[in-house]
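The values are calculated or read from the model by the stated rules, or taken from the named source; none is laboratory data. On a predicted model such as this, the values are computed, not experimentally measured, just so you know. Here the Cβ positions follow ideal geometry from the backbone for every residue, glycine too, while neighbour counts run over all protein chains shown.
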């Protein structure tokens with residue numbers, strides 16, 4: 001029997017497109033409620049951006065009324081425009097968005113398991129309900145892995161935030177040194193997520209099993225996940241650029257027609273939908289990679305699952 005080898009990243013991505021397009025209705029129905037809520041969490045940011053552009057355009061063209069700003073006073077700078085939604089509310093909604101992201105990831109993984117098990121004979125509504133039931137059972141164990149992933153990605157997030165700012169060298173050096181180990185830990189935790197959902201392992205067993213699957217193949221798996229992330233970020237960059245262009249356009253129109261709440265929300269909803277749709281393809285490609293890692297698992301991983309001990313025999317008496 002030929003040994004299973006890890007394939008090219010683009011082969012995994014192509015297979016993921018084929019897997020999800022064949023069952024896009026199930027995935028769309030499962031993700032619709034949390035995507036709707038996630039878009040509401042980001043709506044205040046979109047409204048603040050639209051409001052800032054609208055007010056800046058008014059300031060630049062001098063279209064304020066006398067009742068709003070006396071003509072004797074100079075026009076204020078655009079940087080002093082008060083946000084439409086207060087910062088404390090946007091920060092709270094950002095935290096809620098992180099929680100909804102974890103919920104969506106669990107739903108995507110449970111949907112992929114549902115499709116892999118061939119449970120598509122039932123109706124679309126029944127499939128959605130059963131996927132949600134599975135997701136609720138996996139939510140709490142998954143939360144620990146999700147928190148660990150956020151911690152592993154923290155050095156990368158901090159570094160991205162520092163790119164355009166001046167920071168002391170003593171603080172920048174440890175962050176840079178932690179980026180590579182943090183990303184390797186992120187890959188390990190990503191594999192553990194599939195073990196948790198697809199094979200039903202508990203959190204710690206999923207972590208140890210993922211470590212054994214990556215033994216000797218961590219760099220190969222990391223390279224493929226980097227390609228997945230590059231393709232994913234490319235699509236999301238186009239989505240964000242389109243959303244930003246629409247927000248700016250709506251901001252200019254809002255200077256004449258008022259705040260266009262509904263138009264801003266539609267642009268926000270479409271952008272969030274594209275982000276999580278590409279996320280589903282990313283995890284579908286990761287499922288293919290996980291299956292190949294399992295098919296060529298080292299003996300240590302197989303022994304961990306099967307257990308080192310044989311079946312317990314009958315107890316012997318002391319006299320014998």
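When 192, 230 are checked against the criterion of being assigned to a helix (DSSP H, G or I), modelled with pLDDT of 90 or more and closer than 24 Å to residue 275 by Cβ, a single residue qualifies: 192. Scanning segment 117-132 for residues that are more than 14 Å from residue 32 (Cβ to Cβ) and either out of contact with any helix residue (DSSP H, G or I) (no Cβ under 8 Å at 6 or more places or on another chain) or at pLDDT 85 or above (or both) returns 117, 118, 121, 123, 126, 130.
Using the structure shown, decide if residue 183 is part of a helix (DSSP H, G or I), under 22 Å from the mean Cα position of the chain (by Cα), at negative phi and at pLDDT below 70. Even if it seems obvious, please write down each step before you answer.
Working: part of a helix (DSSP H, G or I): yes; under 22 Å from the mean Cα position of the chain (by Cα): yes; at negative phi: yes; at pLDDT below 70: no.
Considered against the rule, which asks whether it is part of a helix (DSSP H, G or I), under 22 Å from the mean Cα position of the chain (by Cα), at negative phi and at pLDDT below 70, residue 183 comes out as no.
The number of residues in segment 16-50 that are crowded, with 17+ Cβ neighbours inside 10 Å and over 12 Å from residue 100 (Cα atoms) comes to 14. Return a yes/no flag: does segment 99-109 have any residue that is loosely packed, with under 14 Cβ neighbours inside 10 Å and in a helix (DSSP H, G or I). Within segment 99-109, not a single residue is loosely packed, with under 14 Cβ neighbours inside 10 Å and in a helix (DSSP H, G or I).
All of 112, 148 fail the test of being crowded, with 17+ Cβ neighbours inside 10 Å, touching a helix residue (DSSP H, G or I) at 6+ places or on another chain (Cβ under 6 Å) and over 17 Å from residue 189 (Cβ atoms), apart from 112. Please tell me if residue 135 is over 19 Å from residue 193 (Cβ atoms), crowded, with 17+ Cβ neighbours inside 10 Å, modelled with pLDDT of 85 or more and out of contact with any strand residue (DSSP E or B) (no Cβ under 8 Å at 6 or more places or on another chain). Taking the combined requirement at face value, the residue does not satisfy it.
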